[in-house]
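The values are calculated or read from the model by the stated rules, or taken from the named source; none is laboratory data. Not measured: the values here are computed from a predicted model. Every residue, glycine as well, gets a Cβ built from its backbone with ideal geometry; the counts of neighbours run over all protein chains shown.
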Amino acid sequence: MSDEIEEQEQAIINIGTYDGPRNELGEREGRGRSVYANKDVYIGDFKKGVREGNGTYRWAYLGMKYKGEYKQGSRNGKGTMWYTNGTVYEGEWLNGRRHGFGRIEYPNLDVYEGEWLNGMPHGKGKYYYFSCDSVAQGNFEFGRILNGELQLRDGSKWIGEFELNQPHGKGQWVMNGWVQKGTFVEINPPQKEEGEEEEKEAEKQEEDEEKEIQEEAEEDEEKMAKMKEEKEKEEGEEAKEEEDGETKEKVDPREKTLKALLPPKRTRKTLTVEIPKLPKMRTLKLKWVPEGLPEKQ
């Protein structure tokens with residue numbers, strides 16, 4: 001959840017209702033309660049008509065709540081924010097953003113505790129991964145760890161560089177009292193030529209259609225042969241009738257019925273398949289390259 005959600009704008013602060021003291025200029029001053037036009041509610045300190053001091057702000061439709069310090073109408077100082085999705089941040093604020101030192105707990109029970117800059121983890125910090133019971137701590141930059149230590153559930157740990165929040169680059173593994181130095185090297189998968197994937201998809205569609213046509217043709221031939229065999233068998237058992245010395249040709253009504261039931265002969269056609277071009281996503285595949293032999297810690 002973004003921390004950029006702002007309280008009701010100060011420019012329209014007087015729209016709504018207010019219950020509390022005012023100064024000689026008629027501005028809101030001191031401890032009061034304000035209900036804004038969008039039904040948001042603020043209970044706390046005012047100074048010269050704006051939120052200043054300690055207070056609690058509730059967002060009516062978002063279900064969020066902030067309790068802490070204000071300065072010049074914005075969240076400044078120490079405070080706690082309860083977000084809609086269950087995330088809770090407790091720490092320092094500057095101009096309405098998480099800034100300074102703070103602790104945030106996410107709905108999945110992961111926790112980051114450390115320094116913040118302009119709303120993002122930045123500086124020294126520690127991230128707890130609840131699902132795998134692991135801890136990453138070190139230097140963060142704009143939400144990602146650059147270098148530090150990752151301690152796993154089994155007691156082993158990686159000390160070194162990171163990229164995309166995973167071990168990458170030079171470092172060392174510490175396991176069972178042994179230290180193995182090395183490097184995580186990125187493996188770049190071969191890039192497909194432009195249009196190659198679309199061409200293969202079109203070929204596959206064409207092959208599938210041809211196979212379907214062939215299967216239906218074989219099925220039709222099998223039905224026709226079976227019906228013909230039954231017809232010849234029955235004709236052999238029937239006596240041929242002749243009138244006036246001429247043989248009248250008999251037309252088996254079942255043959256007409258069979259022709260009506262069978263689907264028309266299909267011909268092979270070429271499909272034009274248009275596949276949307278999706279943005280290429282980077283996949284970080286790594287290979288561990290050890291340096292030398294393990295050393296006793």
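When we screen Gly86, Gly100, Gly77 for residues that are more than 28 Å from the chain's Cα centre (by Cα) and more than 15 Å from Gly114 (Cα to Cα), the only hit is Gly77.
Inside region 25-55, can you point out the residues that are outside any strand (DSSP E or B) and under 22 Å from Arg98 (Cα atoms)? Listed by number, the list holds a single entry, Asp40.
Would a scan of region 112-132 turn up a residue that is hydroxyl-bearing (Ser, Thr, Tyr) and over 30 Å from Lys170 (Cβ atoms)? No, region 112-132 has no match at all.
Check Leu94 against each of (1) under 29 Å from Tyr57 (Cα atoms); (2) within 24 Å of the chain's Cα centre (by Cα); (3) hydrophobic (A, V, I, L, M, F, W, C) and name the one condition it does not meet. Unmet for Leu94, out of (1) under 29 Å from Tyr57 (Cα atoms); (2) within 24 Å of the chain's Cα centre (by Cα); (3) hydrophobic (A, V, I, L, M, F, W, C): (2).
When region 30-48 is filtered for residues that are more than 16 Å from Glu69 (Cα to Cα) and crowded, with 16+ Cβ neighbours inside 10 Å, the ones remaining, listed by number, are Ser34, Val35, Tyr36, Asp40. Quick check: anything in region 97-120 among the polar types (S, T, N, Q), within 30 Å of Gly16 (Cα to Cα) and without any contact (Cβ under 8 Å) to a residue 60 or more places away in the chain? No, there is no match, as no residue in region 97-120 is among the polar types (S, T, N, Q), within 30 Å of Gly16 (Cα to Cα) and without any contact (Cβ under 8 Å) to a residue 60 or more places away in the chain. For the criterion of being more than 36 Å from the chain's Cα centre (by Cα), at pLDDT below 95 and surrounded by 14 or more Cβ atoms within 10 Å (Cβ to Cβ), Glu7 fails.
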